[in-house]
Each structure stands twice: as C-alpha cells, then as structure tokens.
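Right, one structure below, let's go through it.
Here, each number is a calculation from the coordinates, and none is a lab measurement. Please read these numbers as outputs of a predicted model, since none were measured by experiment. Glycine gets a Cβ as well: all are built from the backbone with ideal geometry, and neighbour counts include every protein chain shown.
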Amino acid sequence: MLAELSSREKGAGIKPDPEIDDAFKKATALAGKETSLVTDYILKILGLNICADIMVTDDMRRGISGGQKKCITTGEMLDEPAKALFMDEISAGLDSSTTFQIVKFMKQMVHIMEVTMIIPLLQPPPETFDLFDDVILLLEGQVVYQGLRENVLEFFEIMGFKCPNKGVADFLQ
C-alpha cells in the first residue's frame with residue numbers, strides 16, 4: 001500500500017508533508033492489530049491517538065474534550081469512502097493550531113485520495129488560509145469569487161478593491 005501511495009504522489013508531483021508521511025509509515029507498521037490502517041492514520045494526524053481508548057461521553061460525565069469531539073466528527077467523515085466531502089464548522093471551538101493541523105491533513109487527503117472537500121471557515125488564520133487550493137467567496141448567497149486562492153487578490157484589484165496592509169483572509173471578510 002505504501003508503494004502505491006508513493007507512486008501516486010510521484011505521478012501527481014506531490015511532495016508529502018514529513019509529519020504526515022511519518023504518521024502513515026507508523027500506521028502501516030502496526031502488525032497483528034485488528035484495526036484499520038486508515039483509521040490509525042486519521043487518529044494520529046488528528047491528534048486523537050492519545051484518547052483512542054477513552055469513551056466519548058456526554059456533558060454529565062467526563063470523557064474527552066470538546067475539541068477532541070470535533071476532531072472525532074471530522075475523522076468519522078474522513079474514514080468513509082467518498083469523492084466529495086462537505087465539512088461544515090470544522091474549526092468551531094478549536095484553537096488555530098488544531099485547525100491548521102486538521103486543514104493541513106485534509107489538504108494531503110485531497111491530493112492523495114483524489115477527493116473534493118468544501119470547507120467553510122470564518123476568519124481563518126493566514127497560515128490556514130494559505131493551505132487552500134481554491135476559494136469560493138459568497139455574499140448573501142451569491143458567488144462573488146470562485147477560483148485559485150493565489151489569484152483572489154488580483155481579481156479584487158481588477159474589480160477596483162485594493163487590499164490594505166492586512167492578511168488576505170482578513171481582507172476577504
């Protein structure tokens with residue numbers, strides 16, 4: 001499986017993130033366990049391997065944190081075979097570092113598994129915004145811009161809107 005993944009990455013010109021590549025290699029090294037390779041990979045990348053054996057509970061009993069519950073929901077969606085995923089509110093209640101890690105992982109999954117993800121984010125940090133390939137901007141339900149993230153500023157400049165001295169994501173809010 002690892003050879004197939006490497007072959008696909010090379011064919012598509014993808015250079016895997018070292019952290020993600022390492023997690024994948026460790027997940028494939030688990031011999032004799034009755035667990036899914038993909039599930040182990042997702043647990044590691046989403047930082048859930050530390051709580052993999054903890055019961056998910058409700059508000060009345062202590063279990064995992066709210067952020068971990070959010071990551072579990074994201075992981076459940078990623079563990080199912082699909083060609084299109086609509087990931088709503090993946091960052092609600094998460095710190096910017098966790099959001100960055102999740103989006104970084106999702107970007108790798110998009111390229112490796114050839115899936116499409118639509119991820120609405122409100123006020124993403126610049127480093128998270130920079131992970132996206134394409135952007136769709138909506139205003140009152142209408143598409144204002146749809147295209148490559150790298151071209152969004154040029155588009156708005158042509159339309160007469162100049163980005164002030166702030167991040168692109170802040171400007172687009």
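With the simple spin-label model, which puts each label point 7 Å out from Cα in the Cβ direction, the residue 110 to residue 64 separation comes to 2.4 nm. Could you compute the net charge surrounding residue 84? Neighbours are other residues with a C-beta less than 14 Å from the C-beta of residue 84; K and R count +1, D and E count -1. With Lys, Arg at +1 and Asp, Glu at -1, the neighbours total -3.
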